[in-house]
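These notes concern the structure reproduced below.
Derivation of every value follows stated rules applied to the coordinates shown; laboratory data play no part. The shown structure was predicted, so the numbers you read here are calculated from the model rather than taken from an experiment. For neighbour counting, all protein chains shown are included, and Cβ atoms are generated from backbone atoms with ideal geometry for every residue, glycine included.
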Amino acid sequence: MTDLADRLAALGQFVEAAGPYLGERELAPARELVARAGQRLALSRGHTVVALAGSTGTGKSSIFNKIAGVDLSQTGVRRPTTGQAHACVWGSGDAGPLLDWLKVSRRHQRDGEELDGLILLDLPDFDSVNAEHRMEADRLLAVVDLMVWVLNPQKYADRVVHRGYIEQFQRYGDITVVVLNQADLLSETDLQDCLTDLRRLLVADGLGKVPLIAASTLAEPGLTGLTRALAEVVAARRAAMRRLAADVDSVVAGFAFPKAKSNSLLGTVDSLTEALGRAAGVPTVARATEQAYVHRARKVTGWPPLKWLRKMRPDPLARLHLEAAGATSIAPAAPAARAAASLAVRATAASASLPGSWQEAVLEAARSKMDDLPDALDRAVSQTELGLGHTRLWWRAVGVLQWLFVAVAAAGVLWLLVRYALFALALPEPPMPDVGRVPLPTALLAGGLLAGLVLSLLVRPVVRLAARRQRRRVEKRLRANVSQVARDYVIAPASGVVDAYTTAAKALAVAAKR
């Protein structure tokens with residue numbers, strides 16, 4: 001059995017967690033109970049507040065006066081008779097603050113060890129023609145520690161009494177006593193029949209186990225049974241706690257918090273990242289990175305005589321402004337990509353599978369930063385390290401070889417030019433070494449040109465392979481950054497609602513345990 005203090009603390013935690021997501025009207029009973037319970041327990045745990053409640057003519061005021069031993073409450077057959085609640089306090093303890101809290105001003109103090117600590121209230125008739133009297137009765141019935149329903153043989157089966165009042169308190173069986181007053185008007189047989197029928201009605205009301213006492217203020221059986229029941233309740237000093245426990249039961253029953261299918265939205269992060277990545281242009285940037293790798297690699301490793309053609313082509317990344325501070329020049333996402341991103345956000349919210357307004361709150365939270373999402377995605381893309389800020393060493397090595405082959409070809413050309421000049425001036429030519437049957441200058445020229453061209457052709461597939469690898473690395477980095485944006489701008493706000501629901505559900509489960 002969970003301690004009442006723990007249940008009330010859990011109910012308070014529930015109100016705090018659910019407050020931003022449930023309507024104030026829906027939470028008002030729980031919020032009011034937490035406040036009222038704290039006030040009631042702080043005022044007095046040594047007093048037990050008992051209310052005599054009934055309709056006009058049942059004799060509850062007579063019972064009140066008889067137990068009090070003095071005529072405090074007006075009796076009669078005209079209606080309404082009791083307009084304001086009367087209180088009689090037994091014992092020397094100061095019940096003033098408690099009665100002030102109850103807003104009961106008409107009080108009487110008396111001694112009596114047997115009922116020490118009892119505060120007996122005579123409530124206005126709940127069937128009074130005066131609406132203010134009915135409201136006063138309802139107000140006090142909502143806060144007293146023990147309810148004594150006073151019925152009589154003529155009106156004990158009144159549907160208004162049972163449907164409108166007694167049945168509404170079926171959760172309060174531990175703090176309910178039913179009195180059949182004016183029992184002296186019935187024969188013994190009729191009294192038993194009446195009690196049997198009344199018990200049947202109480203069973204139908206959901207209060208079949210409450211004490212049922214026959215009473216009379218004029219003759220047998222008297223008020224001994226009722227007085228004894230009151231003495232037992234007062235001595236136990238548990239009625240106030242039981243009342244509050246029943247109040248917690250009643251309030252908790254008004255909430256349905258099924259367990260969420262998932263208490264985490266992280267399972268949707270991959271699909272959300274994929275959709276947001278397409279909207280942010282991740283495929284475009286990855287493709288541009290691959291193309292830029294090829295472009296820059298060939299500028300360094302290509303055949304030098306044709307490099308000027310490569311320099312005339314624009315750099316794919318330069319067009320996107322991805323290597324400069326500030327916003328990128330990636331084209332806005334296509335309508336289909338934007339729609340897919342919006343659907344992915346909805347799917348993320350829907351994965352929580354929370355009931356009613358909670359699910360709406362999750363969707364609202366998931367979409368709460370949608371206006372900031374494009375800029376966040378743009379920053380995530382622009383701040384991603386693309387790995388093309390420096391020239392690779394192997395590019396440089398290939399470039400050095402290319403220039404070496406150019407130097408060899410240039411040496412051959414220069415040699416041939418010198419030989420041609422000597423020939424033109426009719427000067428004697430120096431000896432010409434051969435490579436096989438080919439003169440060395442010609443071999444140098446042809447060899448340098450051919451080696452450079454072959455090297456360019458051999459490097460091409462290597463560059464393509466390295467560019468694809470770089471694209472995959474960049475895609476991974478881009479997705480990681482987009483994933484962080486998805487977590488910060490979509491999943492985190494939505495998870496706040498899911499976490500609040502989980503907290504509220506757990507707190508409600510604790511509050512519901514007895």
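Quick look at the values:
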read-out: Cβ-derived FRET efficiency at R0 22 Å, A407 paired with M432, nearest 0.05; value: 0.60
read-out: Among L223, G59, A204 - extreme Cα towards positive end, dipole of segment 46-236, charges at beta-carbon; value: A204
read-out: Protection proxy ranking of 295-306, 271-282, 215-226 - average other beta-carbon atoms within 10 Å, highest first; value: 271-282, 295-306, 215-226
read-out: Mean Kyte hydropathy of 1.0 or more with a Cα span along the axis of at least 20 Å, helices from DSSP in the chain; value: 393-424
read-out: Sorted by Cβ neighbour density within 10 Å, fewest at the top, the residues C194, C88; value: C194, C88
read-out: Spatially proximal lysines relative to K307 (Cα-Cα < 22 Å; intrachain offsets below 8 disregarded); value: K299
read-out: Farthest toward positive dipole pole in the chain [+1 Lys/Arg, -1 Asp/Glu at C-beta], among W415, L98, V490; value: W415
read-out: Amide hydrogen neighbours beyond the local backbone of G112, cut-off 5 Å, H modeled; value: G91
read-out: For L118, residues with placed amide H under 5 Å, excluding near neighbours; value: T48, W90
read-out: Given K60/K209; K103/K209; K155/K209, the pairs whose alpha carbons are separated by over 28 Å; value: K103/K209
